[in-house]
Amino acid sequence: MKKLLLTVLLLTAGLASLNAQTWYVPAPENLAAREKFQDARFGIFIHWGIYSMKADGEWSMNIQKIPYDEYQRFAGGFYPSKFNAEEWVKIFKAAGAKYMTITSSHHDGFSMFKSNASSYNIVDATPFKRDVIGELAAACAKEDFTLNFYYSHLDWVRQDYWPRGMSGKLLKRPDGDENSWGHYIDFICAQLTELLTQYGPIGAIWFDGLWDMDARPRDEQPAIWNLDEQYSLIHRLQPGCLVGNNHHIAPFAGEDIQIFERDLPGENEAGYSAGQEVSRLPLETCQTMNRSWGYDIKDKDYKSADDLIRYLVRTAGKGANLLLNIGPRPDGTLPEEALERLAAIGAWMDVYGETIYGTEAGCTGAREWGVSTQKGDVLYLHVLNPADVLTLDLPRKIKSAEAFPSGSALRFDQKRNAPAYIYLPQAPEGTVDQVVKLTLK
Ligand code: GLC
């Protein structure tokens, strides 16, 4: 079955790149990594940088129009004394996550890793002098936890990010010249090389910020950004490293996963996904716990743990992963609100993980009562809105129906050419997700 899946993936991978500029055939390691990624279903997103000191989200430099040279001085005061990589990874693992994606460099251009390509990095420009990415890489290796890197294409500090994109125009940087763009692209490649050679196996590179050049036609963007060169560099250095790009449109050739920002695949509630086709690549939705990505001291608008669990379930019901964000504080600690939610998700995953990990979207699709996930002959119905009877169209006959995790048998009716009915017992007060396990013939 796995072999068949690999062959099908191999045949469809090129077709799946809806905006393909060139033909791309993923390596066998890459196809295996895609499967592992899909099976994981849950990852932690970390937005952390010197902006955490401003405690006003990761866009504050741009929003408050802080001059680029003044902003860089934050680095001189960055000392996350309580940062403990092993503790973070243990917390994420206990929450049931299988990977983390951390901002190696965000729009403010500050590198959270030791970089020879730019001295504006955590080792050379801060009194802390520790390579937090290196420490996380070691902790992830020890805990057998996958490490992915977010990397911002756009940059608000470098002079050679020229011509400028739509953001960061008012940050009082000197202008570049006609050689700047080529220089900037070389810089990106140099940093990608560092990220992929200094820290062991990396699960994915997660690009963001291509939309900064949205004033230019979308189909010219791969050429503007030299994506082919960067994507093939990544695949050459680590064939199993997945490439994703949060550009809010259908994947370009060379991308291995498709990313959705604050939207489930096929939906556009947040407004970033208008017209974004859903490809056959592995899918991932990123979402915040409160409203912010980077640490925001004022933002206490957290979603409840129950709602986050339901969001994870709905994401799995779409056959996608959830990348759930946390913005660490400048001292290296994770906000208590985030810790509480991670603990609740972890407790739920301990019991219900079977219905999430390694599943695909169920054959029944989303219903008023909820969604379904599937693993072979087993279909998990996730009842997110209370119901007495579930009505569903099934392409196959039901062999058995039971409540999950108790295993107690449930009554069902399935007549030829008619919907199937599953009769539910009353769910105990406070049930987050009432799960039915159907085995199909
Ligand atoms: C947007 C924001 C960026 C954030 C990203 C996460 O692109 O500009 O700050 O890192 O979303 O998905």
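Points worth noting:
- For the range 320-358, the set of residues classified as more than 18 Å from S52 (Cα to Cα) and free of Cβ contacts under 8 Å to residues at least 60 places away in the same chain consists of E340, R341, A344, A347, V351, E354, listed by residue number.
- Filter result (within 16 Å of the ligand (Cβ to nearest atom) and not aliphatic (A, V, I, L, M)) within the range 52-98: S52, K54, D56, G57, E58, W59, S60, N62, Q64, Y71
- The strands (runs of 3 or more DSSP E) falling completely within the range 341-441 that include 1 or more residues that are over 28 Å from F37 (Cβ atoms) and among the charged types (D, E, K, R) map to 398-404, 412-414.
- Screening K142, K172 for residues that are on the phi > 0 side of the Ramachandran plot, out of contact with any Cys (no Cβ under 6 Å at 6 or more places or on another chain) and touching a residue at least 40 places away in the same chain (Cβ under 8 Å) leaves exactly one candidate, K172.
- E194 vs. criteria farther than 26 Å from I66 by Cα, in the same structural domain as S104 (by TED's automatic domain parsing), charged (D, E, K, R) and within 16 Å of the ligand (Cβ to nearest atom): no
- Subset of the range 231-289 that is in a loop (DSSP other than H, G, I, E, B) and in contact with a Cys (Cβ under 9 Å, 6 or more places away or on another chain) - its residue that is farthest from G327 (Cα to Cα): D256
- Considering G168, G109, G134, G96, the condition of being in contact with a His (Cβ under 8 Å, 6 or more places away or on another chain) and either outside the structural domain of F45 (by TED's automatic domain parsing) or not acidic (D, E) (or both) is satisfied by G168 alone.
- Conditions (1) in contact with a helix residue (DSSP H, G or I) (Cβ under 6 Å, 6 or more places away or on another chain); (2) part of a helix (DSSP H, G or I): number failed by D108: (2)
- Identity of the residue in the range 255-307, within 14 Å of the ligand (Cβ to nearest atom) and of a type in the set (S, T, Y), that ends up surrounded by the fewest Cβ atoms within 10 Å (Cβ to Cβ): Y272
- When residues in the range 351-366 are screened for being of a type in the set (D, E, K, R) and farther than 16 Å from F404 by Cα, 1 of them pass.
- Residue list for the range 133-178, filter: under 29 Å from Y99 (Cβ atoms) and among the aliphatic types (A, V, I, L, M): I133, L136, A137, A138, A139, A141, L147, L154, V157
- Of all residue pairs spaced 6 or more apart or on separate chains, those with beta-carbon atoms under 8 Å, a first member in the range 394-412 that is free of Cβ contacts under 8 Å to residues at least 60 places away in the same chain and in the same structural domain as D377 (by TED's automatic domain parsing) and a second member that is of a type in the set (D, E, K, R) and part of a loop (DSSP other than H, G, I, E, B) are R396/K441; K397/K441; I398/K441; K399/D377; K399/K441; A401/R411.
- In the range 126-170, residue nearest to the chain's Cα centre (by Cα) [restricted to those that are within 16 Å of the ligand (Cβ to nearest atom) and aliphatic (A, V, I, L, M)]: L154
- Candidate set: the range 223-248, residues that are within 13 Å of the ligand (Cβ to nearest atom) and surrounded by fewer than 23 Cβ atoms within 10 Å (Cβ to Cβ); chosen: the one modelled with the lowest pLDDT: H248
- Those residues of the range 308-335 which are within 16 Å of the ligand (Cβ to nearest atom) and part of a helix (DSSP H, G or I), in sequence order: Y311, T315
- Cβ-Cβ contacts under 8 Å between residues 6 or more apart (or on different chains), taken from a first residue in the range 82-96 that is on the phi < 0 side of the Ramachandran plot to a second residue that is outside any helix (DSSP H, G or I) and exposed (fewer than 15 other Cβ atoms within 10 Å of the Cβ), are listed as K82/D331; F83/D331.
The values are calculated or read from the model by the stated rules, or taken from the named source; none is laboratory data. All figures in this text were calculated on a predicted structure; none of them were measured in a lab. FYI the Cβ positions are ideal-geometry reconstructions off the backbone, even for glycines, and counts take in every protein chain you see.
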